[in-house]
1. List the residue pairs whose Cβ atoms are under 8 Å apart, where the first residue sits in region 212-224 and is under 20 Å from residue 179 (Cβ atoms) and touching a residue at least 24 places away in the same chain (Cβ under 8 Å), the second is of a type in the set (Phe, Trp, Tyr) and open to solvent by less than 70 Å² (accessible area, probe 1.4 Å), and the two are 6 or more positions apart or on different chains.
2. Looking at (1) open to solvent by less than 50 Å² (accessible area, probe 1.4 Å); (2) closer than 22 Å to residue 64 by Cβ; (3) not small (Gly, Ala, Ser), which is the only condition residue 256 fails?
3. Looking at (1) at pLDDT below 60; (2) under 21 Å from residue 262 (Cβ atoms); (3) open to solvent by 10 Å² or more (accessible area, probe 1.4 Å), find the lone condition where residue 16 falls short.
4. Could you grab me the full set of residues in region 224-250 that are surrounded by fewer than 23 Cβ atoms within 10 Å (Cβ to Cβ) and part of a loop (DSSP other than H, G, I, E, B)?
5. So how many residues does region 125-158 have that are among the charged types (D, E, K, R), within 15 Å of the chain's Cα centre (by Cα) and over 17 Å from residue 190 (Cα atoms)?
6. Only one of 234, 275, 242, 255 is at pLDDT 90 or above and more than 14 Å from residue 38 (Cα to Cα). Can you tell me which?
7. Please go through (1) at pLDDT 55 or above; (2) surrounded by 13 or more Cβ atoms within 10 Å (Cβ to Cβ); (3) under 24 Å from residue 281 (Cβ atoms) for residue 4 and return the number of the only condition it doesn't satisfy.
8. Tell me the helices (runs of 4 or more DSSP H) entirely within region 71-168 that contain at least 3 residues that are at pLDDT 90 or above.
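The values are calculated or read from the model by the stated rules, or taken from the named source; none is laboratory data. Keep in mind that what you see is a predicted model, and the values were worked out from it rather than measured. Note that each Cβ is placed from the backbone with ideal geometry, even for glycine, and that neighbours are counted across all protein chains shown. Side chains are part of the model used for accessible areas, which takes the heavy atoms of the whole protein and leaves out ligands, DNA and RNA. Shrake-Rupley method; radii C 1.70, N 1.55, O 1.52, S 1.80 Å.
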Amino acid sequence: MLIDFVPLSPVFLLRRLRHSRRPPAAPPANVAVGIARLGGSSAFIGKVILLGTTNSGICFPNILKINNVDNSGIRFDTGARTALFMFYRNPSADMLLKESDLDLHLIKKVSCFPMILICDFLPWPSADAAREGIKSIWEYADVIKVSEQEISFLTGGEDPYSDEVVYNKLFHDNLKLLVVTEGEKGCRYYTKVYANITLVINWRKGVKFHGRVGGFKVKAVDTTGAGDSFVSGLLVHLASNLDIYQDEKKLKEALVFANACGAITVTERGAIPSLPTKEAVLDFIPKGNEQPHYLCLIS
């Protein structure tokens, strides 16, 4: 958990922190609240600081609770920091979560548990450490969401718009779906379907397909939490259909929904306060909306 300082005016100086909102936030918490806002079921497991009755660590579980997120997996630490931005962190409470802190009963309640990897560079002491740490769990992921900048970072500066770079440098045998977010331009999707196509080409194990789903242009006020909101929208669809990556039409619909979630979020300040409801997203998407996409098959 960290604290976002959200300026209430366009001109903001760090020394004038009183002129800001300070909502507790963190990518996993934002995603959990986003899922709940969209009508899904979610829970949060993590550790926050316990220091005084007015500390943000006390507020955080309540914020999750009022947003219909199961907060029974939260543990408290009495000596760590609450992370602010990308500094004042070492060590923050979330870095001190141990295996013994995990609520196994809560974990067993989960009906589907795909491994989702969202790149986050904040916890790492250096770029090399971030790259090494992220890649150490890369091949355990079923679904990966990255941005164009993150592709460049992870591949050592290779072209983030190249489909071949994505498949050759980022895709692995266990990966079901990789999504590249591109802001208002939308997103690209890459998947590998092991289908039974022996009647067509009997020496292939399956096909890979990828494409693009257009985004929505809005007046951005604060981009904090846009990626987390996108992930929430995607996970709500994934939870209801774990094989969605095998159906391009349904996958495309899910990504249109996720793009809309992200677009709505940037129109307000703060991450959690701006996460949309399912009704807001459906109202936002134009009726009969058809996003352009391109299909490519690679053997």
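1. That search, which allows pairs on different chains as well, returns 212/189; 213/189; 216/284.
2. (2)
3. That leaves (2) as the condition not met.
4. Result: 224, 241, 242, 243, 247.
5. Quick first cut of region 125-158, residues among the charged types (D, E, K, R) only: 128, 131-132, 135, 139, 142, 145, 148, 150, 158.
Then keep just the ones that are within 15 Å of the chain's Cα centre (by Cα); that gives 142, 145, 148, 150.
The next check asks that each one be over 17 Å from residue 190 (Cα atoms); those that pass are none.
Counting residues in region 125-158 that are among the charged types (D, E, K, R), within 15 Å of the chain's Cα centre (by Cα) and over 17 Å from residue 190 (Cα atoms) gives 0.
6. Numbers: 234 fails: more than 14 Å from residue 38 (Cα to Cα); 275 fails: more than 14 Å from residue 38 (Cα to Cα); 242 fails: at pLDDT 90 or above.
Matching residue, one of 234, 275, 242, 255: 255.
7. Exception for residue 4: condition (1).
8. Here the list reads 148-154.
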